[in-house]
1. Quick test for you: out of Gly122, Gly150, Gly129, pick the one residue that is out of contact with any His (no Cβ under 9 Å at 6 or more places or on another chain), within 21 Å of Ser83 (Cβ to Cβ) and in contact (Cβ under 8 Å) with a residue 24 or more places away in the chain.
2. Look at segment 33-51 and say how many of its residues are open to solvent by 20 Å² or more (accessible area, probe 1.4 Å) and either modelled with pLDDT of 95 or more or aliphatic (A, V, I, L, M) (or both).
3. With the structure loaded, tell me whether Asp105 is of a type in the set (Asp, Glu) and not in a strand (DSSP E or B) or whether it fails that test.
4. Within segment 16-23, does at least one residue satisfy the condition of being part of a loop (DSSP other than H, G, I, E, B), modelled with pLDDT under 95 and farther than 19 Å from Met157 by Cα?
5. If I filter segment 139-152 for residues that are in a loop (DSSP other than H, G, I, E, B), surrounded by 14 or more Cβ atoms within 10 Å (Cβ to Cβ) and at pLDDT below 95, do I get at least one hit?
6. If you check Ser162, Ser81, which single one turns out to be of a type in the set (Ser, Thr, Tyr) and surrounded by fewer than 18 Cβ atoms within 10 Å (Cβ to Cβ)?
7. Any residue in segment 89-101 that's modelled with pLDDT of 85 or more: show its pairings with residues that are open to solvent by 50 Å² or more (accessible area, probe 1.4 Å) and in a loop (DSSP other than H, G, I, E, B) at Cβ separation under 8 Å, as long as the two are six or more apart or on different chains.
8. What are the residues in segment 96-119 that are open to solvent by less than 20 Å² (accessible area, probe 1.4 Å) and closer than 22 Å to His57 by Cα, if any?
Amino acid sequence: MMRWKPATLMASATALLPLIRVVAILALVSSAAASHELESGALLIQHPWVAAKDMTHAATTAYVVEIQNRGAKPDRLLGASLSGKKGILQKAVAGARPARFAAQDQGFPIEPGGFVRLQPNGARILFEGLHGALKEGEMVKGTLEFEKAGTIAIDFMIEPASLAEEDDRPIHHHHD
């Protein structure tokens, strides 16, 4: 029988935290995603969500479990808005610790039959200059802007800030 030393056990558990976080996010949003999706033309937008925030914070991040392109032509996610504020599309800089993000000025391409996912520690939409709180469990109006499909009105579900916490602390704003 193998005996585990506390340090080895702790290192193993720490290494699993990112995987545990992803599984928790998927478990939380999977039931809501089934009922919180929108079809617009060739696009299927599944569970757009934004991290909750209190009155003292002016920034938050938004994600979309998946945007599928069911059409025959490529499209591109170009932008987003939340409560009238324009968002910044960003992608995580690989290997950067703490997490850093670079603006995706060209957007995110979505090939025919393909998809794009905006998720913590990957791609996201940064919203700055927001006023008021975003309360967990509520919905907030927004839009997603596509090259071919145009601007699509959506509702972002407000999810616990802890789901995006590693992404958002601290928020880095970089342009490449």
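1. Gly129 is the lone residue from the list that is out of contact with any His (no Cβ under 9 Å at 6 or more places or on another chain), within 21 Å of Ser83 (Cβ to Cβ) and in contact (Cβ under 8 Å) with a residue 24 or more places away in the chain.
2. 4
3. Yes.
4. No: zero hits.
5. No, every residue in segment 139-152 fails to be in a loop (DSSP other than H, G, I, E, B), surrounded by 14 or more Cβ atoms within 10 Å (Cβ to Cβ) and at pLDDT below 95.
6. Just one listed residue meets the conditions, Ser162.
7. Leu89/Gln104; Leu89/Asp105; Gln90/Gln104; Lys91/Gln104; Ala92/Arg100; Ala92/Asn121; Val93/Arg100; Phe101/His173
8. Once the filter is applied, which keeps residues that are open to solvent by less than 20 Å² (accessible area, probe 1.4 Å) and closer than 22 Å to His57 by Cα, segment 96-119 yields Ala99, Phe101, Ala102, Ala103, Leu118.
The values are calculated or read from the model by the stated rules, or taken from the named source; none is laboratory data. Being a predicted model, the structure only gives us computed values, none of them experimental. Every residue, glycine among them, receives a Cβ derived from its backbone with ideal geometry; neighbour counts consider all protein chains shown. Side chains are part of the model used for accessible areas, which takes the heavy atoms of the whole protein and leaves out ligands, DNA and RNA. Shrake-Rupley method; radii C 1.70, N 1.55, O 1.52, S 1.80 Å.
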